[in-house]
1. Compute the distribution of all C-alpha to C-alpha distances in the range 135-282, in bins of 10 Å from 0, and list the percent of pairs in each, rounded to whole numbers.
2. Rounded to two decimal places and with Rh computed the Kirkwood way over Cα pairs, what is Rg over Rh for the range 76-176?
3. Given all pairs of different Cα atoms, what value in angstroms does the Kirkwood hydrodynamic radius of the range 64-115 take?
4. Can you order the peptides 64-70, 199-205 by their average number of other Cβ atoms within 10 Å per residue, highest first?
5. Among 288-298, 317-327, how do they line up by average Cβ neighbours within 10 Å per residue, starting with the highest?
6. Using only alpha carbon positions, build the gyration tensor of the range 200-338, then give the equivalent ellipsoid semi-axes as the square roots of 5 times its eigenvalues, largest first, whole angstrom.
7. Calculate how large, on average over all directions, the projected area of the Cα convex hull of the range 343-385 is; give the answer in nm² to one decimal.
8. Å³ per residue of the Cα convex hull, for the chain?
Amino acid sequence: MRRAPARRLATALLALSTLAPVTLTASPAQAAQPAAAATFAATAADPHGDDCPPDGLDPALVARLDEAVERTRAEAGVPGVTVGLWLPGRGSYVRSSGVADKATGAPMTPRLNMRIGSETKTFTATAVLELVDDGLVGLDDPISAYLDGVPDGEHITVRQLAEMRSGLFSYTFDPGFVQALLSDPTRPFTPQELLAYAFRHDNVFAPGTEFQYSNTNYILLGLLVEKLSGVPLAEFVHRRVTGPAHLRHTLFPQGAEFPDPHAHGYTNQTLTGEVTDATDWNPSWGWAAGAMISDLRDLRRWAKVLATGTLLSPATQAEREKFITVPGFGGDGYGLGLFRTNGWIGHNGSLPGYQSVTVYLPEQDATLVVLLNTDIPHDGYEPSTLFANAVTSIVTPDHVYEIPADK
């Protein structure tokens, strides 16, 4: 059953899903999509370096992964997907399957730029935590000490914003916002406009008493970074986060710009429910919560930087990893702009046309990145979670990627 646009957009910047046993069947329309041969990319050519042999995995394991990736793509009706898996001591696996453009049949490849949705939150939260290390803000300070006009802001802390326990209404639930966005998805939104949609509603619970994913939290954190740093959020993220992390293909767009080469993205989050090409939709409506762009190579690097706290002090990273229990997670739950599920640490992302997963498993020094060019769920399950669950079920059966379903 297709979710209504308001519900889909409410969670569009986080593809929260978990996997129960399901049987997936490709529709005739999906089966008729342009075919493209699946391709392998040797990670030895990666300018970031390679810490394990590109063909080091056992051939039987490679065959199982091939089958799982291709079956999941076909059954869930995903146009194109790239899966990158790095297992030091065992080998690595980079697989692109399907098409990047349904109109031309151009194949999906590992070198494409992709919109990463809520993975943006990992960068925004890192920026805030760097300001904590700089002594410019305290995690337990009220947001009202820095920004005016936040409902109950004198009782909502910076920490509660980052860990999704503020109680602020998410603007993506507002019917007026959904109508405005879907009526003209190329239009720009300012952070102030987004907050206006949120603040017309009462808070949904008292600060710190519950967990609810709200993109409003991260719009405020983006404004906090700008207030304290004196520069635009995109500039601060470049200077202090993506630059020091050596992420050469990760950017915070000012509008709808999308560097080539990139995959086309497909969504049914439209006023009619029909599938459309959302490639050039303006992601400003996600801003600090979901506007960024990256690629496989950069996300591979970012997974470990994020999970190990390379850019932060040990004390601040320890605060980041105070995970709040979230029902349905395989493991701890949500921290400060990242989650942990059955040992995997990182984040996922979803916005119209695109989904992603970037996670790191410290126990095995393993990294998994999944990038795909649709956000259309199958039987209530986000497709990015289907891929991550299928891969981890094979390679790390004691650490299977699981996050809550949204049906």
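Every number here is computed from the coordinates shown, using simple stated rules; none is lab data. From a predicted model like this one, the values you see are computed outputs, not experimental measurements. Counting neighbours? That spans all protein chains shown, and the Cβs are built from the backbone with ideal geometry, glycine included.
1. 10, 33, 34, 21, 2
2. Rounded to two decimals, Rg over Rh is 1.16.
3. Computed over Cα pairs of the range 64-115, the Kirkwood hydrodynamic radius comes out at 11.9 Å.
4. 64-70, 199-205
5. Answer by packing, highest mean first, reads 288-298, 317-327.
6. 26, 23, 17
7. Taking the Cα atoms of the range 343-385, their convex hull projects to 3.1 nm² on average.
8. Per residue, the Cα convex hull of the chain comes to 124 Å³.
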